[in-house]
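The values are calculated or read from the model by the stated rules, or taken from the named source; none is laboratory data. This is a predicted model, so every value here is computed, not measured. Note that we place each Cβ from the backbone using ideal geometry, even for glycine, and neighbour counts take in every protein chain shown.
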Amino acid sequence: MVDSLERLNLNILFCIGGDGTLKGAHAIAREIKARGLKIGVVGVPKTIDNDISLVSRSFGFETAVAIASDVIRSAHTEANGAPHGVGLVKLMGRDSGFIAATAALSQSEANYVLIPEIDFDLDGPGGLLNHLEKRLTTRGHAVIVVAEGAGQKFFEGAEENQDASGNILHKDIGSFLAEAIKNRFKAKNLELNLKYIDPSYIIRSAPANASDRVYCSYLGQKAAHAAMAGKTDLLIGLWNDHFVHVPIALATRERKKVDPTGVLWNSVLESTGQPFMANNQRIV
């Protein structure tokens, strides 16, 4: 890559993406420094999962939440229109549940939100299936929102696959939950009308909304200003309503995750009324 930058006589490289892209940008910046070259590397955070550390919001997140919230509303309509109706929605969120949590809050129609940061069980007195059965008996319908990285403990021992970047591909928790719920109610001879919705490609292919378009313009402007000022090996981030320069190594040291004791997750618990669904654990 650095050979190509030299050959093309380029002195600024903008890297737009998430964790993997930024780690690559940092590696390029280190090689440039080792060669003593004057080439700037500036990152722009673009990941709908919103999981980049030290960046309050990444480009694409608000658009993803807006569309996901519409899907949750549709799932609620479906569930509410059938006896013992269940709307099961799987949303993006490989390692962080920001989309699922925020979209659920925006509609306040989800009854259970399952994210990678919060453990849950299926069986047992405190498990999801037991709570779901009780809810359908008393309320007649339910909406479950699950992030794609949630519940991966249920696939322990299964063969691991990786994508082209070397990231471990998570197993399909959405289909797994749908089958588990169907099997539970079939075994008890209970009525169930379950609709499983996976809008991932619809969300990913949607054009950015107005807020994200404006935000993206700001990110581009600040990135260009930083590069022209001679800055390198950093990304542009928004923190406390200020655009700041964040060292790439610092931003990629760990993924940003939903705080189990923070405002966002506590608000989700208040909105859904869901219990903590791990039989032997409690959040302190």
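Numbers below:
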| read-out | value |
| --- | --- |
| Members of the stretch 101-117 found to be modelled with pLDDT under 95 and not in a helix (DSSP H, G or I), listed by number | 108, 109 |
| Pick from the stretch 36-51, criterion of a type in the set (Val, Ile, Thr) and over 26 Å from residue 116 (Cα atoms), ranking: surrounded by the fewest Cβ atoms within 10 Å (Cβ to Cβ) | 39 |
| Members of the stretch 136-156 found to be within 15 Å of the chain's Cα centre (by Cα), small (Gly, Ala, Ser) and not in a loop (DSSP other than H, G, I, E, B), listed by number | 147 |
| Considering residues of the stretch 261-271 that are in contact (Cβ under 8 Å) with a residue 12 or more places away in the chain and β-branched (Val, Ile, Thr) only, the residue surrounded by the fewest Cβ atoms within 10 Å (Cβ to Cβ) | 261 |
| Test: residue in the stretch 224-235 that is within 30 Å of residue 70 (Cβ to Cβ) and either touching a helix residue (DSSP H, G or I) at 6+ places or on another chain (Cβ under 8 Å) or of a type in the set (S, T, N, Q) (or both) | no |
| Identity of the residue in the stretch 11-35, of a type in the set (Gly, Ala, Ser) and crowded, with 20+ Cβ neighbours inside 10 Å, that ends up farthest from residue 147 (Cα to Cα) | 29 |
| Looking only at the stretch 1-53, and only at residues there that are under 28 Å from residue 200 (Cβ atoms), without any contact (Cβ under 8 Å) to a residue 40 or more places away in the chain and assigned to a helix (DSSP H, G or I), the one that is farthest from the chain's Cα centre (by Cα) | 24 |
| Condition met for residue 133 (out of contact with any Pro (no Cβ under 7 Å at 6 or more places or on another chain), part of a loop (DSSP other than H, G, I, E, B) and not aromatic (Phe, Trp, Tyr)) | no |
| Residue that is surrounded by the fewest Cβ atoms within 10 Å (Cβ to Cβ), among those in the stretch 183-213 that are in a helix (DSSP H, G or I) and touching a helix residue (DSSP H, G or I) at 6+ places or on another chain (Cβ under 6 Å) | 211 |
| Residues within the stretch 54-89 that are in a helix (DSSP H, G or I), within 30 Å of residue 242 (Cα to Cα) and among the β-branched types (Val, Ile, Thr), tallied | 3 |
| Residue match in the stretch 160-173 (condition: surrounded by 13 or more Cβ atoms within 10 Å (Cβ to Cβ), modelled with pLDDT of 95 or more and either within 28 Å of residue 50 (Cβ to Cβ) or not hydroxyl-bearing (Ser, Thr, Tyr) (or both)) | yes |
| Single condition residue 258 does not satisfy, out of (1) surrounded by fewer than 17 Cβ atoms within 10 Å (Cβ to Cβ); (2) in a loop (DSSP other than H, G, I, E, B); (3) touching a residue at least 60 places away in the same chain (Cβ under 8 Å) | (1) |
| Qualifying position, being surrounded by fewer than 13 Cβ atoms within 10 Å (Cβ to Cβ) and either more than 12 Å from residue 54 (Cα to Cα) or outside the structural domain of residue 127 (by TED's automatic domain parsing) (or both), among 241, 233 | 241 |
| Subset of the stretch 76-121 [buried (at least 24 other Cβ atoms within 10 Å of the Cβ), small (Gly, Ala, Ser) and over 16 Å from residue 132 (Cα atoms)] | 93, 97, 100, 101, 103, 104 |
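Results for (1) free of Cβ contacts under 8 Å to residues at least 24 places away in the same chain; (2) out of contact with any Gly (no Cβ under 8 Å at 6 or more places or on another chain), shown as yes or no for each residue.
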residue: 178; (1), (2): no, yes
residue: 201; (1), (2): yes, yes
residue: 205; (1), (2): yes, yes
residue: 219; (1), (2): no, yes
residue: 225; (1), (2): yes, yes
residue: 230; (1), (2): no, no
residue: 238; (1), (2): no, yes
residue: 252; (1), (2): no, yes
